[in-house]
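Enquirer: For reference, the structure I am asking about is given below.
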Amino acid sequence: MAKKKVNRKKQLRKQVLDLRKAGLSLTSAVVDKAQEVIGNVVDATEKVVDNVVESTENVVETMTEKVQNVTEQLSHKSKKVEEKVEEAAPVIEKKVAEKKKVLDEAQPVLKEQAKEAVEESVDHFDALAAELEGLAMPRLETFYAEGIRAKKDFKKWTEEELLSLKGIGPATIKQLKELGIAFKD
C-alpha cells in the first residue's frame, strides 16, 4: 500500500492558522483578565473614595459640633471656625472628584496597554514561527513558553538544556541546526 502524499505547505498553513486562533483566544483571555483586574482596582478605589468621603463627613460633623460648643462660649470666634469648615468641604469634595477623574481616565489606558501587550506577544510568536519555519507548532510553543523569542535566544541554551524540554528531541535539535541555530557551548 502506497503512503499518502503529505502536502507540507497545507499542513504549515493549517498549523499557522491554528496558532493564530489560539493566539486570538489567548488575547481575548488576557484582555478579559485585564478588564477584570481593572474592574477590581476601580471597585477597590471607589471603596477607598467612599471611605474617605464618609470619614470626611464624620470629621465635618464632629467639627461642627465642637464649633457649636465653642459658639456658646465665644460667639465671635465660632463664626470664623464655621466659615473655615464650610470652606474646607468644597475643597475636599473637589479633591475627591479629581481623584475619581484620574481613576476614570486611567482605566482605558490600562485596557489599551493590556491589549498592546497581548498584540506584541502574538507578534513575537509570529516572528519566531517565521524564523523557525518548518518546525512543528508544539515545538514553537515550547520554545516560546521558555522565553525563546528569536533565533539569537538559542545562544543562551545548551543542547542538553533544550533536550530536557517537553517534546524536544534529537530530531528537533537537528532541525534547528539545519536552520543555522547556534547553541551555548
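Where a number appears in this text, it was derived from the coordinates with a stated rule and is not lab data. All values derive from a computational prediction rather than experimental measurement. Virtual Cβ from ideal backbone geometry, glycine too; neighbours counted across all protein chains shown.
Enquirer: If r is the Cβ-Cβ distance from GLN107 to ARG20 and R0 is 22 Å, what FRET efficiency results, to the nearest 0.05?
Expert: On the way: r = 29 Å, r/R0 = 1.30.
My answer for the efficiency is 0.15.
Enquirer: Sticking with this structure for a sec: Among the listed pairs LYS21/LYS111; LYS9/LYS152; LYS33/LYS155; LYS9/LYS151; LYS33/LYS174, which are separated by more than 31 Å between their Cα atoms?
Expert: Numbers: LYS21/LYS111 21 Å; LYS9/LYS152 26 Å; LYS33/LYS155 34 Å; LYS9/LYS151 22 Å; LYS33/LYS174 39 Å.
With Cα atoms farther than 31 Å apart: LYS33/LYS155; LYS33/LYS174.
Enquirer: Any idea what angle helix 8-73 forms with the longest principal axis of the chain, computed on alpha-carbon atoms, 0 to 90 degrees, nearest 10?
Expert: 10
Enquirer: I would also like to ask the following. For the pair GLU83 and THR56, how long in nm is the line joining their label points, each one 7 Å along Cα→Cβ?
Expert: About 2.3 nm, to one decimal.
Enquirer: Tell me the GluC sites (Glu not before Pro) within segment 43-121 that lie in a loop according to DSSP and have at most 16 other beta-carbon atoms within 10 Å. Walk me through the numbers on the way to the answer.
Expert: On the way: sites: GLU46, GLU54, GLU57, GLU61, GLU65, GLU72, GLU82, GLU83, GLU86, GLU87, GLU93, GLU98, GLU105, GLU112, GLU116, GLU119, GLU120; in loops: none.
Counting only loop positions with at most 16 other Cβ atoms within 10 Å, none of the GluC sites (Glu not before Pro) in segment 43-121 qualifies.
Enquirer: Checking a compactness column here: for segment 8-131, what do you get for Rg(Cα) / (2.2 N^0.38 Å), N being the number of residues?
Expert: Working: Rg = 27.4 Å, N = 124, 2.2 N^0.38 = 13.7 Å.
Dividing the Cα radius of gyration by 2.2 N^0.38 Å gives 1.99.
Enquirer: Another question about this same structure. How far is the Cα center of segment 120-185 from the Cα center of segment 23-54, in Å?
Expert: 36
Enquirer: Something else about it: Suppose every Lys and Arg Cβ carries +1 and every Asp and Glu Cβ carries -1, with no other charges. What dipole size does the chain come out with about its Cα centre, to the nearest 20 debye?
Expert: Numbers: 34 positive and 35 negative charges, 395 e Å.
About 1900 debye.
Enquirer: Quick one: net charge around ALA114, please, counting Lys, Arg +1 and Asp, Glu -1 for every other residue with C-beta under 13 Å from its C-beta.
Expert: Details: positive: LYS33, LYS111, LYS115; negative: ASP32, GLU36, GLU112, GLU116, GLU119, GLU120.
Net charge in that neighbourhood comes out at -3.
Enquirer: Now for a different question. With n ≥ 4 as the cut-off for DSSP H runs, can you work out [θ] at 222 nm for the chain, using -39500 (n - 2.57) per run divided by the number of residues, rounded to the nearest 500?
Expert: Roughly -28500 deg cm²/dmol at 222 nm, from the helical runs in the chain.
Enquirer: Still on this structure, please answer the following. Over segment 1-131, what is the mean sequence separation of C-alpha contacts under 8 Å (at least six apart), divided by residue count, expressed as relative contact order in percent?
Expert: Numbers: 40 pairs, mean separation 51.6, N = 131.
Relative contact order, segment 1-131: 39 percent.
Enquirer: Report the full-extension gain for the segment MET137 to GLU46: residue separation times 0.36 nm, less the Cα-Cα distance, to one decimal in nm. Mind dumping the intermediate values first?
Expert: Values: separation 91, 0.36 × 91 = 32.76 nm, distance 4.47 nm.
Roughly 28.3 nm would be gained on extension.
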